[in-house]
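What follows is calculated from the coordinates using simple rules that are stated; it is not laboratory data. Not measured: the values here are computed from a predicted model. Cβ coordinates were reconstructed from backbone atoms using ideal geometry, including for glycine residues, and neighbour counts include every protein chain displayed.
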């Protein structure tokens, strides 16, 4: 028995909402992992990077974006847009995607041999004498490393057995073959024996590993495949059974796909790029001699836009700056769209690039569901993303309340907390209004007995002002000003 005064603490009845980053991209593709500095090569494992240097250390880097799609994204997101973090998933596996090059003569100059072939796996390199009769030992007869351009440099050691006057060596090796990566590698799956996940299936490991909710799913150069795009959409709609994201996909800017803007809507519909969970984009963009898929740069535009609006995704990425100086087809042919042509694509649910006022901008507010689906929460990118962000935030915030006793205190804690939060979003302009209700009609006794309670959340995110009309009229009454 206590004698005197006692005090005990009670949990605060209003819960602060969890912080959910609004534009976390998960990018699936290929990387030059022969240059990775990790002890274990990053093959079919999510890699979190918060800077360009961190990404390069883990995955390697090459300007050959056609071969190494993850490099395209790290160059754009980290260097051009200055954003982080990014989760990368490399599916290129040297065990499956390689080419063996038999030992062949290579010129040695001043004790150095340079191999300009990209993707060489250093552990596979075999160095022999020019006649092939002697095999030299690494770190005893020579050292080997990459230069800044990804070339292999073999340097003779003065204490080794390679003759000082040697003018050639025979060098053989295995090199990466990114062209061998196919649709099945990107899609991935689950090994029935080991349970190991690969490809897009690894999206479900992002939150358990890093505590980050995926917001954008991107596969530059691979999302032009309708099967890959379909799986991206499926994953975006159901991550860990609770979270939702948006798939940024590309329409191929080729003669086999669409090399005229008028062909894009037909390709989109024929190949079913029509989900509310995806944004079809066309063509590509270029900067400094490098090509980027618009899906890559749109992820940067979305991230930069969200950052400008306090991390809340209520502003549309349309009419926001791309890091580009041209729109191009895959073969480099420049594409010049006027506002009327860009508007035609937008009206078909396609985001494009427009250079009209203020430089190159992403242009388009609609998801792939438009125009077949005109419901604002499905058609507008910004409204869909607000629904997802609020949904993901509620999931994380109230997960701690799962299995608590169903009583008035629990119900009031949830409703009061969410209403305060929604009121705050409304005061900043992120919502036009919002509220949560706990209604008897939506909570029958049978459900309450089964431990099920339902809260009804009403929200109205602002839509984009995508059309502004001004009425211009001649007013003859001002003629009176002629007479002072």
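In terms of its C-alpha gyration tensor, the range 73-125 has an oblate overall shape, because the principal axis ratio a/c (a ≥ b ≥ c, square roots of the eigenvalues) is not below 1.5 and a/b does not outweigh b/c. As a rough footprinting exposure proxy, the listed residues 128, 268 were ranked by other beta carbons within 10 Å of their own, and the order from fewest upward is 128, 268.
Each of (i) 23.5; (ii) 25.7; (iii) 22.6 is a candidate for Kirkwood radius over Cα pairs in Å; the one calculated from this structure is (ii). Put a dot 7 Å past the Cα of residue 481, heading toward its Cβ, do the same for residue 128, and the two dots end up 9.2 nm apart.
Specify the inter-centroid distance of the range 283-333 and the range 146-203, based on alpha-carbon positions, in whole Å. Spelled out, the Cα-based centre of one part sits 31 Å from the other. Note on the range 388-443: Cα Rg divided by 2.2 N^0.38 Å, N the number of residues, gives 1.21.
What is the antiparallel percent of DSSP beta bridges lying wholly in the chain, to the nearest 5? Don't skip to the end; give the middle numbers.
Working: 50 of 66 bridges.
Once the DSSP bridges in the chain are tallied, antiparallel ones form about 75 percent.
Sorted largest first, the spans of the alpha carbon positions of the range 163-286 along the three principal axes are 67, 43, 27 Å. Its Cα gyration tensor gives the range 219-288 an equivalent ellipsoid; the semi-axes, largest first and in whole Å, are 23, 14, 9.
Going highest first, how would you order 215-227, 313-325, 372-384 by mean Cβ packing within 10 Å?
Details: 215-227: 24.7, 313-325: 21.8, 372-384: 18.4.
Per-residue Cβ counts within 10 Å, averaged per peptide and sorted highest first, yield 215-227, 313-325, 372-384.
Helix 381-398 axis versus longest C-alpha principal axis of the chain: approximately 90°, rounded to the nearest ten.
Axis angle, to the nearest 10 degrees, between helix 408-428 and the longest C-alpha principal axis of the chain: 80 degrees.
From a point 7 Å beyond the Cα of residue 167 in the direction of its Cβ, which residues of the range 105-148 have a backbone N at a distance under 20 Å? Once the point is set 7 Å along Cα→Cβ of residue 167, 105-115, 128-134 turn out to lie under 20 Å by backbone N, inside the range 105-148.
Of the peptides 287-293, 165-171, 451-457, how do they stack up when ordered by the mean number of other Cβ atoms within 10 Å, highest first? Present the calculation step by step, with values, prior to reporting the outcome.
Details: 287-293: 18.1, 165-171: 15.7, 451-457: 13.0.
Ranking, from highest mean packing down: 287-293, 165-171, 451-457.
If you fit an axis through the alpha-carbon atoms of helix 226-236 and take the longest principal axis of the Cα set of the chain, what angle between them do you get, 0 to 90°, nearest 10? Roughly 50 degrees between the two axes.
Calculate the spin-label point distance for residue 419 paired with residue 447, positioning each point 7 Å from the Cα along the beta-carbon direction, and give it in nanometres. Rounded to a tenth, the inter-label distance reads 2.0 nm. Could you work out how far the C-alpha centroid of the range 19-85 sits from that of the range 118-132, in angstrom? Cα centres, the range 19-85 to the range 118-132: 28 Å. The overall shape of the range 339-394 is oblate: from the C-alpha gyration tensor, with semi-axes ordered a ≥ b ≥ c, the ratio a/c is 1.5 or greater and a/b is no larger than b/c. Would you work out if the range 249-303 is rounded, prolate or oblate? Take a ≥ b ≥ c from the square roots of the eigenvalues of the alpha-carbon gyration tensor; rounded if a/c is under 1.5, else prolate when a/b is larger than b/c, oblate otherwise. Because a/c hits 1.5 or more and a/b fails to exceed b/c, the range 249-303 counts as oblate. Here the relative contact order of the chain, from alpha carbon pairs under 8 Å that lie six or more residues apart, stands at 14 percent.
For the range 406-484, the Cα-based Rg and Dmax, in that order, read 25.0, 84 Å.
Taking label positions 7 Å along the Cα-Cβ direction at both residue 356 and residue 427, the computed distance is 3.8 nm, reported to one decimal.
How high is the relative contact order of the range 272-350, in percent, with contacts defined as C-alpha pairs under 8 Å that are six or more residues apart? Relative contact order, the range 272-350: 33 percent.
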